[in-house]
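To start, the structure itself, in C-alpha cells.
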Amino acid sequence: MAGPGKCFLVTGPPGVGKTTLIMRVFESLKVSNPSLKVQGFYTREIRHGGERVGFEVVTLDDRRAPLASINVSSSESHRWPTVGKYKVDVASFEALALPELQVKEDTDLFIIDEVGKMELFSSSFFPAVLRILESNIPVLASIPIPKMGRDIPAVARLRNHPEATIFTLNPSNRDALKENIYSQLVNVVCKP
C-alpha cells in the first residue's frame, strides 16, 4: 500500500475504552480544525445503579436513540434479535444511524462506533459502511476483537480491507494511541 490508508480501526476487549478513545480523537480534531465536516455516530452504555442495562446510539450532534436493552417493554420486542442478554432495537438504530452514514461531497471524515454484532443486525448498515469506504472519505471506526478466534464476517472484511490500519487498544497505550491516530487523521483529512 502506498502511503497511509483511510480506514482507521480501533479494536480491543469490551470495556477497554474504544468509544472513549474515538471521542477524544474527534474532540481534538474539532478543536484543531473547527471547519471539519464529520458525520457518524457512537454507541454509549446505559447504566442503572452501576449495572449496564443497555446501549444507545448517539449522533455527533447529540441526538440519541435506543440500540439495545435488557429491559424492553415494546410489544414488538419478542421479534428483536438478541446479543447476550440484550434485545437489539434494529428499527430505532436504523432510523438514527443510517442517515448519518450517507455519503455527502463535503464530508471530511466518518466516525462509526461500532461495527459490531448489534449494528450488523441491520441489513442496511454494512452496505452503508462499504459505500463510505468506496467513497474514499476517511473513516475512524471501532470493531470488536474476535471471540474465541472467530471473527464476524463483516468485521473480518473491514479488518482485511487494503486501506485499513488496525490499532489495538489496551489500558497502557490509550494516550499514545490517541496521539498516533489523531496525527495520522490530521494528515489525511485536513486539506492544505
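The values are calculated or read from the model by the stated rules, or taken from the named source; none is laboratory data. All figures in this text were calculated on a predicted structure; none of them were measured in a lab. Quick reminder, even Gly has a Cβ in these numbers, built from the backbone with ideal geometry, and neighbours come from all protein chains shown. To get the accessible areas, we keep the full protein, side chains included, count just its heavy atoms, and leave off ligands, DNA and RNA. Shrake-Rupley method; radii C 1.70, N 1.55, O 1.52, S 1.80 Å.
Odds and ends about this structure:
- Helix 18-32 axis versus longest C-alpha principal axis of the chain: approximately 40°, rounded to the nearest ten.
- Springs join every pair of Cα atoms under 10 Å in this Gaussian network model of the chain, and among V155, V72, V103 the largest mean-square fluctuation is at V72.
- Rounded tilt (10° steps) of 125-135 against the dominant C-alpha axis of the chain: 10
- Solvent exposure of H161, expressed as accessible area, is near 50 Å², computed with a probe of 1.4 Å over the protein chains only.
- Taken over the alpha carbons of the chain as equal point scatterers, the Debye sum produces base-10 log I(q)/I(0) values at 0.10, 0.18 Å⁻¹ of -0.39, -1.31.
- V58 accessible area, assembled protein chains, probe 1.4 Å, Å²: 0
- Taking every DSSP bridge with both residues inside segment 1-159, close to 60 percent are antiparallel.
- Efficiency of FRET between H78 and D175 - r from beta-carbon atoms, R0 35 angstrom, step 0.05: 0.20
- Distance between the modelled labels on E51 and I70, one decimal in nanometres: 0.5 nm (7 Å Cα→Cβ projection).
- Cross-link pairs exceeding 27 Å between alpha carbons, from the set K6/K30; K18/K147; K6/K87; K6/K178; K18/K85: K6/K87.
- Segment 102-123 and segment 1-69: distance between their alpha carbon centers, rounded to Å: 11
- Gain in span if fully extended, K37 to M148, counting 0.36 nm per residue against the direct Cα distance: 36.2 nm
- Taking 15 Å as the cut-off, the amide N atoms of segment 93-111 that come nearer than this to a point 7 Å along the Cα-to-beta-carbon line of E134 belong to 102-104.
- Heavy atoms of K147 accessible to a 1.4 Å probe, total area in Å² rounded to 10: 150
- If the segment from D106 to S124 were pulled out straight at 0.36 nm per residue, it would be longer than the present Cα-Cα gap by 4.2 nm.
- The stretch between C190 and A95 holds 31.2 nm of extra length on full extension. This uses 0.36 nm per residue minus the Cα-Cα distance.
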